[in-house]
Amino acid sequence: MKRLKIGLPSGSLQEATLKLFAKAGYRITVSPRSYIPDIDDPELEGVLIRPQEIPRYVEREVLDVGLAGKDLILESGADVVEVAEMTYSKTVSRPYVWVIAVPEESPIQTLKDLQGKRIATELPNATKQFLASKGIKAEVEYSWGSTEVKVRIPGLVDAIVDGTETGSSLRANRLRVVETMFESTPRLIANRQAWQDPWKREKAENVVMLLRAALEAEPKVGLKMNVSRKNLGVVLASLPALNTPTVSNLTDPDWVALEIITDEQVVRELIPKLKRAGAEGIIEYPLNKVVY
């Protein structure tokens, strides 16, 4: 049996990744201290691995495909096919942003002020490439962690490059952003040989379709309701402008069933409006996938 070997990120992104696959219809079971998860699709073979290593192992064809952040792909310099962007994270649905930051009291105000300065980061290769593209020559050194602290200690470094989702850690350490380098979201990548294999490519594209469908469904819900024909116009006028409802006949000719898909955040205001407009038997239900 043919199999697609997929690298799944361990560590902080593991739980969010497994939840996304579950919503897409793939049940993945991870045993304690095991790096080989069990996937209920016999055509998928998973490996849990540190996300920093996934681009390299995909490039070397140890893995057919894998999930890794754009930042780690850039840092590794791996020659891989970027199949799809997956906008999800361990905490919030927003990109992980890599920024150049300095202490609030630092005289460094612009990117040009970094000329000849020393910068610490866990992303040295990507940082060097970014600075070179801007004509900036600086000494970039690898940081083994606690990067925000290093710029607060006199004589260590002049600036840092660090990743953040909310900016809370930067603010807590009284750091100021000088420049945003790039945003990073998880990407599904493939090695070039696997991408040229028709079966593996189709399998990877199927997985991507279902994962994206799960992501599309995440902020949405479905609403069902019954509406008398005399109130149908008022109810339709109460719906958000971008919604196209499905209207079905019921056995009672004076009533119809109406169904919409809408953003979950508007439902708490929408349901009372629909009720007052004459809708009855309103049911809200979650969605697993939305395929466009």
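Assess whether LEU215 counts as being touching a Lys or Arg at 6+ places or on another chain (Cβ under 9 Å) and within 30 Å of VAL65 (Cα to Cα).
Details: touching a Lys or Arg at 6+ places or on another chain (Cβ under 9 Å): yes; within 30 Å of VAL65 (Cα to Cα): yes.
So LEU215 passes the test.
For the structure I just gave you, tell me whether GLY25 is under 29 Å from VAL291 (Cβ atoms), touching a Lys or Arg at 6+ places or on another chain (Cβ under 9 Å) and either touching a residue at least 24 places away in the same chain (Cβ under 8 Å) or not hydroxyl-bearing (Ser, Thr, Tyr) (or both). Give the steps one after another, and end with the answer.
Values: under 29 Å from VAL291 (Cβ atoms): yes; touching a Lys or Arg at 6+ places or on another chain (Cβ under 9 Å): yes; either touching a residue at least 24 places away in the same chain (Cβ under 8 Å) or not hydroxyl-bearing (Ser, Thr, Tyr) (or both): yes.
In short, yes.
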For this session: Consider ILE261 carefully, then state whether it is closer than 30 Å to LEU67 by Cα and among the aliphatic types (A, V, I, L, M).
Result: yes
Exercise. Does at least one position in the range 221-229 carry a residue that is within 30 Å of TYR26 (Cα to Cα), touching a residue at least 40 places away in the same chain (Cβ under 8 Å) and not in a strand (DSSP E or B)?
Worked result: no
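For the range 198-211, give me the residue count where each residue is out of contact with any strand residue (DSSP E or B) (no Cβ under 8 Å at 6 or more places or on another chain) and without any contact (Cβ under 8 Å) to a residue 40 or more places away in the chain.
Filtering the range 198-211 for residues out of contact with any strand residue (DSSP E or B) (no Cβ under 8 Å at 6 or more places or on another chain) gives 198-199, 202, 206, 209-210.
Now narrow it down to the ones that are without any contact (Cβ under 8 Å) to a residue 40 or more places away in the chain: 198, 202, 206.
Qualifying residue count for the region: 3.
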Exercise. Quick one: would you say GLU202 is of a type in the set (Asp, Glu) and either surrounded by 13 or more Cβ atoms within 10 Å (Cβ to Cβ) or at positive phi (or both)?
Worked result: no
Exercise. Looking at this structure, is ASP113 of a type in the set (Asp, Glu), farther than 16 Å from MET181 by Cβ and modelled with pLDDT of 95 or more?
Worked result: no
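Conditions tested, residue by residue: (1) more than 30 Å from SER248 (Cα to Cα); (2) assigned by TED's automatic domain parsing to the domain that holds GLY25; (3) among the aromatic types (Phe, Trp, Tyr); (4) over 23 Å from the mean Cα position of the chain (by Cα).
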| residue | (1), (2), (3), (4) |
| --- | --- |
| VAL178 | yes, no, no, yes |
| ASN191 | yes, yes, no, no |
| ALA194 | yes, yes, no, yes |
| ASP197 | yes, yes, no, yes |
| ARG201 | yes, yes, no, no |
| GLU205 | yes, yes, no, no |
| LEU210 | no, yes, no, no |
| ALA213 | no, yes, no, no |
| ASN226 | no, no, no, yes |
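Conditions (1) small (Gly, Ala, Ser); (2) modelled with pLDDT of 95 or more, marked per residue:
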{"residue": "GLY7", "(1), (2)": "yes, yes"}
{"residue": "GLU15", "(1), (2)": "no, no"}
{"residue": "VAL58", "(1), (2)": "no, yes"}
{"residue": "VAL62", "(1), (2)": "no, yes"}
Problem set entry | Sole residue being surrounded by fewer than 19 Cβ atoms within 10 Å (Cβ to Cβ) and within 19 Å of the chain's Cα centre (by Cα), chosen from GLU45, GLU53, GLU61, GLU104 | GLU53
Exercise. Which of the following residues is surrounded by 16 or more Cβ atoms within 10 Å (Cβ to Cβ) and modelled with pLDDT under 95: VAL157, VAL161, VAL140, VAL151?
Worked result: VAL151
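Please state which one of TRP144, TRP98 is within 30 Å of MET209 (Cβ to Cβ) and either touching a residue at least 40 places away in the same chain (Cβ under 8 Å) or not in a strand (DSSP E or B) (or both).
Every option except TRP98 fails the conditions.
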For this session: Kindly provide the set of residues from the range 4-41 that are in a helix (DSSP H, G or I) and of a type in the set (Lys, Arg), ordered by number.
Result: LYS19, LYS23
Exercise. If you take the residues of the range 243-286 that are free of Cβ contacts under 8 Å to residues at least 24 places away in the same chain and within 15 Å of PRO219 (Cα to Cα), which of them is surrounded by the most Cβ atoms within 10 Å (Cβ to Cβ)?
Worked result: ASN243
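The values are calculated or read from the model by the stated rules, or taken from the named source; none is laboratory data. Not measured: the values here are computed from a predicted model. FYI the Cβ positions are ideal-geometry reconstructions off the backbone, even for glycines, and counts take in every protein chain you see.
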